[in-house]
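Q: The following block contains the structure, expressed as structure tokens.
The values are calculated or read from the model by the stated rules, or taken from the named source; none is laboratory data. Not measured: the values here are computed from a predicted model. Reconstructed Cβ throughout: ideal geometry from the backbone, glycine too, with neighbour counts over all protein chains shown. For the accessible areas, the whole protein counts, side chains as well, though only heavy atoms, and no ligand, DNA or RNA atoms are used. Shrake-Rupley method; radii C 1.70, N 1.55, O 1.52, S 1.80 Å.
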Amino acid sequence: MAYQNLLSEVKENILYVTINREKALNALNKDTLAELADVIAFAAKTDEVRGVILTGAGEKAFVAGADIKEFSDYSGQQGQELAKHGHDLVFNAIENSPKPFIAAINGFALGGGLELAMACHMRIASDNAKLGLPEVTLGLIPGYGGTQRLTQLVGKGKAIEMITTASMITAVDAEKIGLVNYVVPQMDLISKAQEILNVIKQRAPLAVAAAIKSVVASLNETDGYVVEIEEFGKCFETEDFKEGVSAFVEKRRATFIGK
Ligand code: HXC
């Protein structure tokens, strides 16, 4: 499979997917999301693939979020569509995949990047990784399932703290609160993910798929995701969103007015 923004290959029944926009810290633009949707569908339907390892190119970032430059002039309606499209094609598609996905978090996992990692079934972080949901610094909220999945993984208190402060946490702290399964030196990241999938490969594929489906079914609060999409869209109608994005692009601190 040849993609513009992804590297992908199947080796010994494991599909390796690398988001490959290193200069933009692997930010998720529309084209990357479309390619991810394609590779996720490939994994689901290809018997040879028994598990997927998803990572980012380079040593600095897994994914630094949705591509801010792409949505900087969106209306509320466009914001909602962006979120809904991503939920349907990528984030829910990973979570509902019959194949186990492991996020190998090789650096910054921020905003949509952490949301992507959280949609995966397991997360392994390198010891230099930093994780966070900084959307409120842009006048937004997480829109790719983050408000729901972070709460599921770490509980309401920590989730609200992380989302409202927008603070990044270290890989070690992420492991303490259950946000990642393991922390390893960067050079061991992929081999740790392989070790887990090599065990799963020996198990019954249909039972593995049934187990994933059952665990995920216990967690999904459909209404919560609908609320998140609506609220995400409304943020685009605020002055603070315009200020937050301008400040990012102009590399300065934002001044918010609450409108
Ligand atoms: C577009 C991005 C980007 C992003 C980084 N870049 N993150 N471009 N979208 N999310 C680009 C920068 O503009 C810059 O390009 C290059 O990548 C390197 O980034 P720097 O900022 O120069 O690197 P550094 O100073 O080391 O800081 C790293 C960083 C910072 C802390 C990760 O880049 C950062 O704060 N990024 C934004 C993180 C964020 O707010 N994510 C949430 C996005 S909203 P140039 O061309 O200047 O070299 C989101 C919503 C999801 O994810 C829901 C959607 C429905």
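Q: For the chain, what does the accessible surface come to per residue with a 1.4 Å probe? Please give it in Å².
A: Spelled out: the 1.4 Å probe surface of the chain, per residue, equals 47 Å².
Q: Further question: So what is the 222 nm mean residue ellipticity for the chain from helices alone, if each DSSP H run of at least 4 adds -39500 (n - 2.57) and you divide by all residues, rounding to the nearest 500 deg cm²/dmol?
A: -13500 deg cm²/dmol
Q: So, with a 1.4 angstrom probe, what is the percent of accessible area on the chain that is carbon and sulfur?
A: Here it works out to 54 percent.
Q: Just to be sure I understand: if I project the alpha-carbon convex hull of the range 150-203 onto a plane and average over all orientations, what area do I get in nm²?
A: For the range 150-203, averaging the hull's shadow over all directions gives 4.6 nm².
Q: Have a look at Tyr144, Tyr74, Tyr16 and tell me which one the Gaussian network model of the chain (Cα, springs below 10 Å) gives the largest fluctuation.
A: Tyr74
Q: Based solely on C-alpha atoms, express the radius of gyration and the Dmax of the range 6-200 in angstrom.
A: Cα radius of gyration and Dmax of the range 6-200 are 15.4, 47 Å respectively.
Q: Test of understanding: what is the full-extension gain from Asn198 to Gln78, defined as 0.36 nm times their sequence separation minus their Cα-Cα distance?
A: Gain on extension, Asn198 to Gln78, equals 39.0 nm.
Q: While we're on this one: Amide H of Gly51 versus every other amide H placed in the peptide plane: which residues, excluding those fewer than 5 positions away on the same chain, fall under 5 Å?
A: Leu15
Q: Compute the label zone of His85 within the range 38-69: residues whose backbone N is under 15 Å from the point 7 Å along Cα-to-Cβ.
A: Those under the cut-off are 38, 66-69.
Q: Only residues of the range 87-103 count here: report those whose backbone N is under 18 Å from the spot 7 Å along Cα→Cβ of Ala207, or say none.
A: Counting only backbone N, you get 98-100.
Q: Could you tell me the calculated FRET efficiency between Asp47 and Ser191, based on Cβ-Cβ distance and R0 = 30 angstrom, to the nearest 0.05?
A: Details: r = 25 Å, r/R0 = 0.82.
Calculated value: 0.75.
Q: Can you tell me the length gained on complete extension of the stretch Arg253 to Ser214, counting 0.36 nm per residue apart and subtracting the Cα distance? Before the final figure, lay out the partial values.
A: On the way: separation 39, 0.36 × 39 = 14.04 nm, distance 4.44 nm.
Gain on extension, Arg253 to Ser214, equals 9.6 nm.
Q: Rg/Rh for the range 205-250 to two decimals, with Rh computed the Kirkwood way over all alpha-carbon pairs. If you can, show how the numbers build up before the last one.
A: Details: Rg = 18.4 Å, Rh = 13.7 Å.
My calculation of the ratio gives 1.34.
Q: Cα-Cα over 28 Å: which of Lys23/Lys234; Lys130/Lys251; Lys23/Lys176; Lys84/Lys176; Lys130/Lys156; Lys192/Lys251?
A: Over 28 Å apart, Cα to Cα: Lys23/Lys234; Lys23/Lys176; Lys84/Lys176; Lys192/Lys251.
Q: Further, regarding this structure: What list of ³J(HN,Hα) couplings, whole Hz, do you get for the range 49-58 from phi and the Karplus terms 6.51, -1.76, 1.60, once you set θ to phi - 60° and write x for glycine and proline?
A: Computed from phi, the couplings for the range 49-58 are 7, 10, x, 10, 10, 10, 9, x, 6, x Hz.
Q: Cut-off under 16 Å on the C-alpha distance; same-chain residues fewer than 8 positions from Lys99 excluded. Which aspartates and glutamates are left, in chain and number order?
A: Once the sequence-local aspartates and glutamates are set aside, what remains near Lys99 is Glu9, Glu12, Asp38, Asp47, Glu48, Glu195.
Q: Right, next: Treating cross-link reach as a plain straight distance, find the aspartates and glutamates whose alpha-carbon is under 18 Å from the alpha-carbon of Lys69, omitting any fewer than eight places away in the same chain.
A: Answer for Lys69, where 18 Å is the Cα cut-off: Glu22, Asp31, Glu81, Glu135, Glu237, Glu239, Asp240, Glu243, Glu250, listed by chain and number.
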